[in-house]
Amino acid sequence: MSSDTLLFFLVPLLFLILAGAVAGVLVLGGRRRDGSGPAAPPAATAPGERRAGAPPAAGQVPTAPAREPSGQEPPAGPGPRAAAEPSGVRVPDSGQELPAAGPAAEPPAAAEPLPGPAAVERPAPAPGRLVRLRARLARSNNALGQGLLSLLTRDTLDAGTWDEIEETLLLADLGVEPASELVDRLRERAGVLGVRDAEHVRELLRAELLAAVDPSLDRELAVDGAGSGAGAGGRGPAVVLVVGVNGTGKTTTIGKLARVLVAGDKRVVLGAADTFRAAAAEQLCTWGEAVGVGTVRGPEGADPASVAFDAVRTGVETGADVVLVDTAGRLQNKVGLMDELGKVKRVIEKQRPVAEVLLVLDATTGQNGLRQAEVFSQVVQVTGIVLTKLDGTAKGGIVVAVQRRLGVPVKLVGLGEGPDDLAPFEPEAFVDALLG
């Protein structure tokens, strides 16, 4: 190998060795300056002494480590026994290990009471409701009673006055025939008695209006005499079928009627056979739950007759006194829907006879309500009328008109939006409310 070749390899090697040595010196010097170099060997200790940080020998009292002067006062703090120490610290004079200091234990939170069953309401007694609601009824029907009184107490009762009296009766939805009959009777009695003072005229008018309302009609619901299911000699619940057009307050009326029956200590089952309106079953369940009454329902769109059948069967099995069956609202001119209503009634009667068919009418609809009543009566043989919204713009005469047209009595009247504003119809209280 030539000298030139040897130098070619030796010069770079020497340069690398020299660079490594310089780097080592620099690193070592930096460690010594910041104290991170290797620890110095421990200094020898005299007998009876111990190294700082070493545990005390047997029989020795531990002493606090020497504090280097810093020119600052130590911070004030609690004594050695009260000072917080890390976990596992021992107390020198007891040798017991203290638990780690942690956050103060919070008192256990009071357990919230579990929700109990919903409170069952006790409805107000049904008798006398119409008397209690008399003022509300009088406000809506003052036009009839007060209008007649003012006309009949005029100094002269001529033909024009009697025409005005008849017109007042017609505007109150009394109907042509009943209005004409009432005017004839008033004219005859007023002429014979010759009375003009307000008190005597009021008594005369009260007697004639009461005769037109006909207090002799049986207005009791046919729900008494029902027994404890099929096991009691074949007796069972009284079945009440409730019918009517949409918007009359039919489902609400059933809920309120359930409250009337519960107030009379009747055991009631509700049948939600209005399966075409999504909210009808929920609405009926809500009414029932408020007074502890069960509701039999089916899926939306189910066969109404099937739901009605199941409701009656449940009433028989549970020993109920009354089963109230809701039906879908329908227009009286829809032949298919009216035929289906007849089917519901026939299916129910395979188990129990239908004791009542109540037709719910909106009292504000006047003569249109009378046409509805006639068609429903032909399909399901209506046995009683429920007039709702009689406290609104109703004119009172509809009571006389619908009874005359159907030959069935008004049994219940709705006088407000409250849950207990459905009242058994009382002719005397109604006429007194009309006259104010």
Checklist entry - Distance in nm between label sites at SER216 and GLU282, each 7 Å beyond Cα in the beta-carbon direction? => result 5.0
Item to check | Long-range amide H partners of GLY384 with built H, under 5 Å | outcome: VAL357, LEU359
Checklist entry - At ARG122 and VAL192, where each label point lies 7 Å from the Cα along Cα→Cβ, what is the point-to-point distance in nanometres? => result 5.2
Item to check | Cβ-derived FRET efficiency at R0 30 Å, ASP339 paired with VAL176, nearest 0.05 | outcome: 0.40
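Report the local net charge at LYS250: Lys and Arg +1, Asp and Glu -1, summed over other residues whose C-beta lies under 9 Å from its C-beta. Present the calculation step by step, with values, prior to reporting the outcome.
Details: positive: none; negative: ASP274, ASP326.
Here the count lands on -2.
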Checklist entry - For ASP163 and GLU428, what is the calculated FRET efficiency with R₀ set at 30 Å and r taken between the beta-carbons, to the nearest 0.05? => result 0.55
Checklist entry - Relative to the present Cα-Cα distance, how much length would full extension add between ASN246 and ASP303 at 0.36 nm per residue of separation? => result 18.7 nm
Next on the checklist: Check which residues have an amide H placed less than 5 Å from ALA273's amide H, if you skip close sequence neighbours.
Outcome noted: ASP326
Next on the checklist: Just to make sure I understand: if all protein chains stay in place, what is the order of LEU13, LEU358, LEU221 by accessible area at 1.4 Å, largest first?
Outcome noted: LEU13, LEU221, LEU358
Checklist outcome for this item: In terms of the charge dipole of the range 239-353, which places +1 on Lys and Arg and -1 on Asp and Glu at the beta carbon, the residue among GLY301, VAL260, LEU284 farthest towards the positive end is VAL260
Next on the checklist: Show me the ranking of peptides 201-208, 245-252, 317-324 by mean Cβ neighbours inside 10 Å, starting with the highest.
Outcome noted: 317-324, 245-252, 201-208
Item to check | Quotient of C-alpha Rg and 2.2 N^0.38 Å, computed over the range 310-384 | outcome: 1.21
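Apply 1/(1 + (r/R0)^6) to the Cβ-Cβ distance of GLN146 and ARG235, taking R0 = 51 Å, and write down the FRET efficiency to the nearest 0.05. Intermediate values should be presented prior to the final figure.
Values: r = 50 Å, r/R0 = 0.98.
The formula returns an efficiency of 0.55 here.
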Checklist entry - Can you list the residues, at least 5 places off or on another chain, whose amide H is less than 5 Å from the amide H of GLY294, using H built in the peptide plane? => result LEU270
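Per 0.36 nm of contour for each residue apart, how much would the distance between ASN368 and ALA19 grow if the chain were fully extended, relative to their Cα-Cα spacing? Walk me through the intermediate numbers first.
Working: separation 349, 0.36 × 349 = 125.64 nm, distance 11.56 nm.
Gain in length upon complete extension: 114.1 nm.
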Item to check | Dipole magnitude of the range 144-269 about its Cα centre (Cβ charges: Lys, Arg +1; Asp, Glu -1), debye to nearest 20 | outcome: 1060
Next on the checklist: Please list, by residue number, every one of the trypsin sites (Lys or Arg not before Pro) in the range 272-337 that is coil in DSSP and has at most 13 other beta-carbon atoms within 10 Å.
Outcome noted: LYS334
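In the neighborhood of VAL296, defined by Cβ-to-Cβ distances under 15 Å, what is the net charge if each Lys or Arg adds +1 and each Asp or Glu adds -1? Walk me through the numbers on the way to the answer.
Numbers: positive: ARG267, ARG297, ARG313, ARG352; negative: ASP274, GLU282, GLU289, GLU300, ASP303, ASP310, GLU317, ASP326.
Net local charge, VAL296 excluded: -4.
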Checklist entry - Within the range 302-436, how many Lys pairs sit with Cα atoms under 19 Å apart, leaving out pairs fewer than 8 places apart on the same chain? => result 4
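The values are calculated or read from the model by the stated rules, or taken from the named source; none is laboratory data. Model, not experiment: these values are computed from the prediction. Using ideal geometry, Cβ is built from the backbone for each residue, glycine included, and neighbour counts are taken over all protein chains shown. Remember, those area values only see protein heavy atoms, side chains included, never the ligands or the DNA or RNA. Shrake-Rupley method; radii C 1.70, N 1.55, O 1.52, S 1.80 Å.
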